[in-house]
Amino acid sequence: MTRLHNLGFPRIGARRELKQAVEAYWAGTLQQSELEHVGRSLRERHWALQAEAGVSPLPVGDFAWYDQILEFSCLLGVVPARFGHGDDQPVDLDTLFRMARGRAPTGTPAAACEMTKWFDTNYHYLVPELAANQSFRIARESLFEQVEEAKALGHDPKPVIPGPLTYLYLSKGDAFEGATDTAKLALLERLLPVYRDILRRFADQGVTWVQIDEPILALDLPDDWQRAYLRVYDSLAGAADLKLLVATYFEGLRDNLFTALQLPVAGLHLDRVRGDDDLQQVLPRLGDKVLSLGVINGRNIWRADLDALLETLAPLRDQLDDRLWLAPSCSLLHVPVDLEQEDKLDDELKGWLSFAKQKLQELAVLRGALDGDDSVRPALEAQRAAVAARATSPRIHNPAVADRLAGADRLSRDRLSPFAERIGKQQAALKLPAYPTTTIGSFPQTPEIRAARRDWKAGKLGDADYHERMKQEITRVIRYQEQVDLDVLVHGEPERNDMVEYFGELLEGFAFTRFGWVQSYGSRCVKPPVIFGDVSRPHPMTVEWLRFAQSLTDKPVKGMLTGPVTILQWSFVRDDQPRQATCRQIALALRDEVQDLEKAGIAVIQIDEPAFREGLPLRQDDWRAYLDWAVDCFRLATVGVADETQIHTHMCYSEFNDIIEAIAAMDADVITIETSRSNMELLEAFQNFEYPNDIGPGVYDIHSPNEPAVDWMVDLMHKAADRLPKERLWVNPDCGLKTRKWEETEGALANMVRAAKQLRAG
Ligand code: GLN
Ligand code: ZN
């Protein structure tokens with residue numbers, strides 16, 4: 001019989017129970033024992049649900065209080081010295097939370113560990129911090145306890161741990177330069193014995209299979225990292241009487257494929273949704289390994305075409321027999337838990353979707369069909385009908401959008417004049433001083449604004465009243481900016497809950513779930529919109545708000561839109577056409593909005609692209625193609641305006657080296673970026689490239705409540721002027737202000753304007 005397994009299940013709970021519990025624990029309203037009880041019952045429920053679908057062995061170790069990499073750092077005793085943790089004490093829960101957030105109900109606060117994106121997902125992990133002479137030991141028992149827990153419930157547990165090379169690659173430390181630094185490999189000598197101990201502990205517990213995640217095999221690996229693989233797995237393979245399954249995901253293995261196939265392990269998992277390694281190369285080199293194929297998409301929410309899968313899997317099954325395992329492509333961490341809860345989605349749309357629980361059921365049907373089990377036939381037929389209905393539904397296919405897209409090739413991708421000519425006209429029209437000041441868009445989202453929006457959505461506040469409240473807020477924001485003497489004003493975005501959801505709700509082709517939460521980091525979850533069909537803009541989206549804001553002042557008010565790549569990146573995207581086609585549709589809708597704003601007298605328009613860089617593919621070979629269409633979409637959205645209209649963009653990170661050429665190709669008149677925390681050193685990419693257009697390097701960190709000093713910001717701008725022509729520089733914060741309080745914002749912006757005035761005075 002073909003085996004089903006799962007790489008990991010979302011830990012957060014169908015109703016975000018884990019979020020509520022950990023937050024209550026942090027706030028002191030839930031005891032640790034109560035928190036542990038919540039964790040146990042979530043694990044129990046999630047195991048039961050997987051077992052019911054026929055998944056065996058079951059993943060254990062995918063549960064985490066905050067993050068699975070942090071859990072493993074604690075297991076290994078990798079606790080940075082500032083947390084004052086004794087070298088021989090077990091790592092307790094509050095130490096784990098202090099590493100994650102800087103504080104916990106007990107213990108002395110210390111600077112939290114760094115968090116960064118997990119490969120190309122929207123999940124963030126806690127970066128392990130390693131000392132040059134880092135030692136490792138088994139310092140936390142919870143994983144072993146969870147193995148016992150699963151066994152006591154009658155399951156066959158499969159512990160899931162990060163592989164040693166992936167763990168080191170993802171870590172950082174003062175002694176190391178970047179992810180790929182070979183010096184980290186020297187730590188293997190200390191790390192591997194602990195891995196061997198861990199494996200022996202599992203074996204003693206009666207575990208048969210251990211899943212070792214090595215997703216870095218899907219990256220471009222330096223030679224010495226690739227070569228280390230054989231040595232490392234030789235050492236692990238003999239450690240204990242267990243079977244090791246190496247799991248890879250998020251891409252194919254390409255040049256690392258043969259390395260993976262050579263490893264002396266009992267199984268290998270390949271992502272067959274994102275990867276397309278040639279299985280004809282794999283099978284002859286597989287030896288007696290189990291081949292686990294990730295055939296159900298763990299990163300998206302569509303029901304799978306099981307017929308198509310059956311066709312490719314049937315011959316493999318004949319060849320591999322029970323050495324063929326089926327699984328989702330990656331951990332289900334990246335999809336919501338259970339579609340059944342969605343009581344507000346219409347049946348048609350719901351019939352096209354599949355969340356974590358449903359994905360396992362799809363796998364069960366697939367397995368049944370593959371093994372000739374007739375009882376799955378009705379389910380298989382229902383699936384077939386749903387997939388066919390989706391393919392032809394008029395809700396998805398809008399001929400007007402298709403026509404427009406087909407004609408989009410003929411639209412110019414160039415502004416009327418080059419930047420050097422445009423900027424003069426813009427300066428004349430906008431009457432801007434040297435070192436112009438602006439903000440990134442949002443102003444503080446006060447509890448009153450949030451309450452008004454909640455009441456309006458719940459139908460407790462009428463449209464007219466709601467609009468009145470928003471207008472009051474916009475008026476307040478405009479008045480404040482005039483008073484503090486900013487140069488390019490914004491309306492403050494009070495009407496927006498979220499920069500993607502807001503636009504998704506106003507565009508055709510988007511749907512929203514009620515409970516489709518996905519963990520982003522720790523207790524924070526996001527609920528990505530679902531782009532199910534052709535995207536179009538039935539009505540202008542922001543024009544009325546902006547027209548009103550502009551009517552209040554003689555200074556230019558900057559229109560504010562979310563860019564096509566960011567909308568794409570932060571949504572679940574349809575899988576029946578290339579991502580770039582969907583992105584172009586969004587770009588065309590935004591193009592109309594840009595032009596309508598211009599017609600309404602808005603002379604400065606910002607298109608935010610904070611997710612531009614995170615769309616970069618994992619493999620460098622694929623970058624060019626992505627950057628080409630991403631830039632093309634930005635230009636498609638923005639170029640249809642007069643020279644005098646100034647286009648801004650904003651990106652809130654600062655690693656631009658890989659994408660500087662693309663940024664320049666976007667040809668925004670002004671880009672505002674995050675640099676304040678790097679002392680302007682990260683302007684180097686722009687300096688080396690001799691970036692030609694205007695740039696606003698953020699002069700203060702909006703994530704901090706501290707008031708930035710005038711001198712400090714002046715100094716930063718001097719540093720920026722050392723790297724770039726000062727005529728090209730703007731003065732602005734490094735991101736939107738929506739998470740700050742008004743008191744903080746007022747002081748900070750007043751100082752920022754003072755700094756700009758000092759700079760102008762020379
Ligand atoms: N305009 C948005 C804001 O100011 C930009 C947010 C972002 O960059 N993530 O809130
Ligand atoms: Zn930002």
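What the table shows:
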read-out	value
Accessible surface of the chain, 1.4 Å probe, proportion on carbon and sulfur as whole %	48 percent
Over 32 Å (Cα to Cα) - which of Lys243/Lys357; Lys172/Lys350; Lys184/Lys741; Lys151/Lys344 fall in this group	Lys172/Lys350; Lys184/Lys741; Lys151/Lys344
Dipole moment magnitude, nearest 20 debye, the chain about Cα centre, only Lys, Arg, Asp, Glu C-beta charged	880 debye
Solvent-accessible area of Phe136 with every protein chain in place, 1.4 Å probe, in Å² to the nearest 10	20 Å²
DSSP beta bridge pairing in the range 482-611, given as percent antiparallel to the nearest 5	40 percent
Dipole of the chain, positive end: most advanced residue of Ile660, Ile296, Ser523 [Cβ charges, Cα centre]	Ser523
Spin-label pair Arg103/Thr208, simplified geometry with 7 Å Cα→Cβ offset, distance in nm	4.9 nm
Between the range 465-521 and the range 94-162, the alpha-carbon center distance in angstrom	36 Å
Reach of Lys555 by Cα under 18 Å, taken over lysines that are not fewer than 8 positions away in the same chain	Lys425, Lys431, Lys471, Lys599, Lys757
Heavy-atom accessible area ranking, 1.4 Å probe, most first, across Lys471, Lys344	Lys344, Lys471
Cβ-defined net charge surrounding Asp667, 11 Å radius [Lys, Arg +1; Asp, Glu -1]	+2
Full-extension gain in nm, Glu421 to Arg15, via 0.36 nm per residue minus C-alpha separation	140.7 nm
Mean separation of Cα contacts under 8 Å, 6 or more apart, over the residue count of the chain: relative contact order %	11 percent
Lysines with Cα under 17 Å of Lys19, excluding same-chain neighbours fewer than 8 positions away	Lys527
Cα-based shape type of the range 286-339, given that a ≥ b ≥ c are square roots of the gyration tensor eigenvalues and the cut on a/c is 1.5	oblate
Residue order for Trp225, Trp570, Trp26 - accessible surface, 1.4 angstrom probe, largest first	Trp570, Trp26, Trp225
Pairwise FRET efficiency - Lys726 versus Glu746, Cβ, R0 = 35 Å, nearest 0.05	0.80
Order of exposure, largest accessible area first, which applies to Glu340, Glu189 with probe 1.4 Å	Glu189, Glu340
Dipole of the chain [Lys/Arg +1, Asp/Glu -1 at C-beta], most positive-end residue of Thr446, Ala630, Leu242	Thr446
In Å², nearest 10: area of Glu661 left accessible to a 1.4 Å probe	120 Å²
Value at 222 nm in deg cm²/dmol, rounded to 500, when DSSP H runs of n ≥ 4 in the chain each add -39,500 (n - 2.57)	-13000 deg cm²/dmol
Cα centroid separation - the range 744-762 against the range 257-289, whole Å	59 Å
Ordering of 286-296, 103-113 by packing [mean C-beta count within 10 Å, highest first]	286-296, 103-113
Degrees, to the nearest 10: 419-430 long Cα axis against longest axis of the chain	60 degrees
Rounded to the nearest 10 Å², the accessible area of Ser56 at probe 1.4 Å	50 Å²
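The values are calculated or read from the model by the stated rules, or taken from the named source; none is laboratory data. All values derive from a computational prediction rather than experimental measurement. Cβ: placed from backbone, ideal geometry, glycine included. Neighbour counts: every protein chain shown. The area values use the complete protein model at the heavy-atom level, side chains included, leaving out ligands, DNA and RNA. Shrake-Rupley method; radii C 1.70, N 1.55, O 1.52, S 1.80 Å.
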